[in-house]
Amino acid sequence: MPNFASASTPSPMSRRLFLSTTGALSLGAALTACGGGDSGGSTAAAKPVAQADIDKAMTTPTELTFWTWVPNIAKEVALFEKKYPAVKVKVVNAGQGTPQYTKLRTALKAGSGAPDMVQIEYQAIPTFTITDSLLDLRPYGAAALKSTFVDWTWGQVSGADGQIWAIPQDTGPMGMLYRKDIFDEHGIEVPTTWDEFAAAARKLHKADPDVYLTNLAANQVAAWHGLLWQAGAKPYASSGKSDLTISVDDAVSRKLGSYWGGLAKEGVIGVEPDFTDSWYAALNKGKYATWITAAWGPVFLSGSAKATAGKWRAAPLPQWDAAKPSSGNWGGSTTAVIRSTKNPIAAAVFAQFLNSDPASAKMFATDQFFFPATKALLTDAEFVGDTPSFYGGQKVNQVFADISSTVNSSFQWPPFLDQAATDWTETVGKSLADHTDTVRALGSWQSRMTTYAKNQGFTVKGS
């Protein structure tokens with residue numbers, strides 16, 4: 001089935017639309033939440049599990065519990081159970097994103113009720129590694145899968161000392177969807193640089209005050225992080241469990257703040273909240289000529305802006321340096337194994353099979369409309385050759401597959417993303433909405449997060 005065969009909005013897409021806000025623990029509580037850090041967080045990999053032990057575990061009657069919000073994932077699970085009939089997997093939807101993470105932390109603290117495996121977004125991984133809650137998958141053969149996945153995704157699931165905390169499942173490399181008809185009407189070329197983008201924004205809004213080149217939602221910290229990622233920013237960096245660098249007010253961040261804050265103050269871009277009724281209506285009536293989004297966006301848009309079918313096309317993000325193409329990521333998940341599992345071998349084999357088995361991985365792309373994390377699917381002729389009519393027959397998957405190779409692999413997340421998101425919305429987001437000084441707001445964001453981190457027991461460095 002082609003990736004764009006469905007005109008309806010796939011329900012799992014909602015988890016890509018907002019940067020999940022994972023809860024934070026104080027540093028002291030974090031280090032005791034799971035009984036300390038005596039094994040899962042160790043820097044040295046445990047001895048590899050012998051193949052004989054793996055074979056024994058996979059032929060011993062076992063029941064695993066898997067927390068995930070992916071709809072219809074029973075199809076992929078069935079593939080695993082067919083290969084390993086002795087192992088049964090109980091699928092539980094414990095909530096989507098934040099609600100699941102909250103329940104998971106509660107179970108971990110209580111010492112009971114946690115699943116064997118869990119779906120976890122890339123940005124949420126540090127929240128659980130700092131508590132030593134995730135199993136290092138190296139002893140179970142996970143390192144052999146490194147070449148299977150897009151390089152930057154492996155960076156997202158790897159620890160500073162080589163740990164492998166999860167197996168990538170899907171991704172959200174960022175690109176730009178644009179209205180070809182509006183561009184043609186106003187003689188606008190597809191911008192390849194952000195300078196060209198700004199010029200086009202001014203030209204379009206002057207020609208038609210009811211139309212904006214784009215909308216940078218003032219409530220969408222996920223998009224901001226993706227744009228920071230593309231620009232080469234390193235807003236967060238951790239060293240050990242207690243040392244944290246926060247740099248959301250450095251030169252790169254200020255460049256973004258000046259650029260987007262300036263366009264917002266000029267009134268040539270929109271800043272309304274996204275994924276609201278008014279935002280959907282705006283896309284359908286042509287208020288916005290582009291949507292800066294991720295690889296899940298094309299399927300989402302085809303179900304949410306049906307009135308505009310055939311008018312959209314896809315392109316890479318405009319660049320800060322056209323000679324060095326780059327992009328950021330917005331969205332995507334992994335499968336991790338909880339360290340407390342009583343069946344680590346079977347759970348680790350499941351996590352690896354679910355996301356690396358060719359049939360299972362392809363099913364995610366064609367049935368759940370996930371954008372692939374495996375290199376094989378990103379070069380699969382059927383997948384990249386799909387020509388959806390909503391995009392005028394353009395090979396949109398190919399566009400985003402090419403973009404995926406330009407995502408930087410060194411971007412990191414903080415262990416308290418919920419606080420980062422709240423502080424961004426109340427400072428930087430507010431400045432965009434109010435058309436005030438976004439660069440100054442970056443300083444407030446930096447200050448608030450620094451204070452919070454220190455209060456949680458971290459030693460903080462930063463801009």
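Which stretch or stretches of segment 86-100 have amide N atoms under 20 Å from the point lying 7 Å from Thr59's Cα along the Cα→Cβ direction?
86-89
Using only helices, what value at 222 nm comes out for the chain when you add -39,500 (n - 2.57) per DSSP H run of length 4 or more and divide by the total residues, to the nearest 500 deg cm²/dmol?
-11500 deg cm²/dmol
Positive end of the charge dipole of the chain (Lys, Arg +1 and Asp, Glu -1 on Cβ, about the Cα centre): tell me which of Thr450, Thr131, Phe416 has its Cα farthest that way.
The residue sitting farthest along the positive end of the dipole is Thr131.
If you average the sequence gap of Cα pairs under 8 Å that are 6 or more apart and divide by the length of the chain, what percent do you get for the contact order? Working shown, then result.
Working: 898 pairs, mean separation 133.1, N = 463.
It rounds to 29 percent for the chain.
With the dipole of segment 313-463 worked out from charges on the C-beta (+1 for Lys and Arg, -1 for Asp and Glu) around the Cα centre, which of Ile345, Thr379, Ala322 lies farthest toward the positive end?
It is Ile345.
Give the calculated FRET efficiency between Val92 and Asp357 to the nearest 0.05, with a Förster radius of 30 Å applied to their Cβ-Cβ distance.
Efficiency at R0 = 30 Å is approximately 0.90.
Multiply the residue separation of Ala322 and Thr276 by 0.36 nm, subtract the distance between their alpha-carbon atoms, and state the gained length in nm to one decimal.
Length gained between Ala322 and Thr276: 13.2 nm.
In debye to the nearest 20, how big a dipole does the chain give about its Cα centre with +1 on each Lys and Arg Cβ and -1 on each Asp and Glu Cβ?
With only Lys, Arg, Asp and Glu charged at Cβ, the dipole is about 500 debye.
Summarise the accessible area of the chain (1.4 Å probe, protein heavy atoms) by the percent that is carbon and sulfur.
About 53 percent, which is the carbon plus sulfur part of the accessible surface.
Output the peptides 366-379, 443-456 sorted from most to least packed, where packing is the average of other Cβ atoms within 10 Å over each peptide's residues.
Put in order of decreasing packing, that is 366-379, 443-456.
Which length gain, in nm to one decimal place, applies between Asp208 and Lys265 when the Cα-Cα distance is subtracted from 0.36 nm times their residue separation?
So the chain would gain 18.7 nm between Asp208 and Lys265.
Report the full-extension gain for the segment Lys47 to Lys285: residue separation times 0.36 nm, less the Cα-Cα distance, to one decimal in nm. Display every interim value, and only then the final one.
Working: separation 238, 0.36 × 238 = 85.68 nm, distance 5.95 nm.
Working it through step by step, the gained length comes to 79.7 nm.
With +1 on each Lys and Arg Cβ and -1 on each Asp and Glu Cβ, and nothing else charged, work out how big the dipole of segment 341-402 is about its Cα centre, in Debye to the nearest 20.
In total the dipole reaches around 220 debye.
What number comes out for the charge environment of Lys430, summing +1 per Lys or Arg and -1 per Asp or Glu over other residues with Cβ under 14 Å away? Write down the numbers at each step before the final one.
On the way: positive: Lys265, Arg440, Arg448; negative: Glu272, Asp423, Glu426, Asp434, Asp437.
Here the charged neighbours net out to -2.
When DSSP assigns beta bridges and you keep just the ones with both residues in the chain, what percent turn out antiparallel, to the nearest 5?
Of the beta bridges lying entirely in the chain, close to 65 percent run antiparallel.
Calculate the dipole size of segment 169-260 relative to its Cα centre from +1 charges on Lys and Arg beta carbons and -1 charges on Asp and Glu beta carbons; express the result in debye to the nearest 20. Let's see the in-between values first.
Working: 9 positive and 12 negative charges, 60 e Å.
Taking the Cα centre of segment 169-260 as origin, the dipole is about 280 debye.
Suppose all protein chains stay in the model; what accessible area per residue would a 1.4 Å probe give for the chain, in Å²?
38 Å²
What does the net charge come to around Gly261 if you take all other residues with beta carbon closer than 12 Å to its beta carbon, with K and R at +1 and D and E at -1?
Neighbourhood net charge equals +2.
Per residue of segment 135-142, in order, report the coupling 6.51 cos²θ - 1.76 cosθ + 1.60 (Karplus, θ = phi - 60°) as ³J(HN,Hα) in whole Hz, putting x for Gly and Pro.
7, 6, 8, 4, x, 9, x, 5
Do the alpha carbons of any pairs in Lys75/Lys362; Lys47/Lys103; Lys206/Lys285; Lys146/Lys395; Lys75/Lys146 sit beyond 23 Å of each other, and which pairs?
Long pairs (Cα-Cα over 23 Å): Lys47/Lys103; Lys146/Lys395; Lys75/Lys146.
The values are calculated or read from the model by the stated rules, or taken from the named source; none is laboratory data. Since the model is a prediction, treat every value here as computed from it, not as a measurement. Cβ atoms come from the backbone with ideal geometry, glycine included; neighbour counts cover every protein chain shown. Just the protein is used for accessible areas: all its heavy atoms, side chains included, with ligands, DNA and RNA removed. Shrake-Rupley method; radii C 1.70, N 1.55, O 1.52, S 1.80 Å.
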